[in-house]
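Here the structure comes first, spelled out in structure tokens, and everything after it is commentary.
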């Protein structure tokens, strides 16, 4: 690919526009895109059209795109671009003290204005704020399309994932309808009498200034939402790293999440959050252990060894061995702490259960009714009557004679419905 790309250094692309090292880096990006698609690591490569190529980068800081530390400028093919640096920014100050490996120039559009940013790829470790110190211990995580359960040795929480993020779909729908009206007004010849688009090989579209302005408004809404979501992801990842240096969670298929809960996944981005958590953990020296769901089945297993399938609408774990009622995601996150080599260490979990029973029940009782937790919470009094005296610990070798899902169904029929909404529906 590098040999093939040499020809572009002599044509209109290379003369006074791109240096040889930048052209080689573009060829490397093209090769990696095809390689990832070939090995099913990423989707089909998309070709960059006119005006859509938004970043270029060099290979070293000695030629091509260079960062000049003395003058704090970026030099490239006769251009001298002064950098705007905030002197009080500790992150930037830490990066400038490291050796610059190469420079990347990125074009971004903010509020309909084009801005150019220089990203310095430096050697070393990123800046770590004083409040983001790495904790000690094992933390279990259970992440869903819209919820996140985090359990440590002595605490447990279940919260709405990216709760601060406000939906923008009503504004997007309004702008989409406006774009459709502007297209129809600008090119009425492309539509049939019934309002449908003509089925021809190629249609010519003439976009007005107002249409372009409306389209940029919609793009700005998406950009702001993505930037705020990224900020919330980073904040939550730092909070988790402050709890422990070993993070255990299930290895999930986020493509399957997209098929089943497309709107929620597109809105909150759990897959992006997990990728960010892995990167931050590697930079901080922590460990992220992702284990298989096929060998653990944490949402279906109990400490006594009973394995019962639960539908997505069943959000509470109750077993006649004395475990429960505990919210399903919280219990799965707690069990994740005891997974070793893709298998649940039931003996270790049973040994830790007497001290964990109280705070897991307390965390389950604090769940907000508006979080979509599915079926009503089982009544502890009715549960005790149905199962007899409760036991705070489960001894090894005890086996439940009744499946958990059948027991929960029997108890739920005796209870009055509580004020909790139904579970997730397809597409949520």
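Taking 0.36 nm per residue of sequence separation and subtracting the Cα-Cα distance, how much length would be gained by fully extending the chain between residue 193 and residue 112, in nm to one decimal?
Extending this stretch completely gives an extra 25.6 nm.
Grab the Cα-Cα distance for residue 252 and residue 287, subtract it from 0.36 nm times how many residues apart they are, and report the gain in nm with one decimal.
Additional length available on full extension: 10.9 nm.
Order of 134-144, 27-37 by packing, highest average Cβ count within 10 Å first?
134-144, 27-37
Among 8, 338, which comes first, then next, by fewest other beta-carbon atoms within 10 Å?
8, 338
Separation of segment 133-150 and segment 306-330 by C-alpha centroid, Å?
Measuring centre to centre over Cα atoms gives 19 Å.
Shape call for segment 56-187 from the C-alpha gyration tensor, a ≥ b ≥ c root eigenvalues: rounded (a/c under 1.5), prolate (a/b greater than b/c) or oblate?
Oblate, because a/c is 1.5 or more while a/b does not exceed b/c.
Based on other C-beta atoms within 10 Å, arrange 236, 174 from fewest to most.
174, 236
Could I have the simple spin-label model distance between residue 165 and residue 313, label points 7 Å from Cα toward Cβ, reported in nm to one decimal?
The answer from the label model is 2.8 nm.
For segment 3-71, what number results from the quotient of the Cα radius of gyration and 2.2 N^0.38 Å?
The value comes to 1.29.
In nm, to one decimal, how far is the modelled label at residue 343 from the one at residue 35, with both set 7 Å along Cα→Cβ?
3.7
Can you tell me the length gained on complete extension of the stretch residue 204 to residue 294, counting 0.36 nm per residue apart and subtracting the Cα distance?
27.2 nm
Since every read-out is calculated from the coordinates, none of them should be taken as a lab result. Remember, predicted model here, so these are calculated numbers, not experimental data. Every residue, glycine among them, receives a Cβ derived from its backbone with ideal geometry; neighbour counts consider all protein chains shown.
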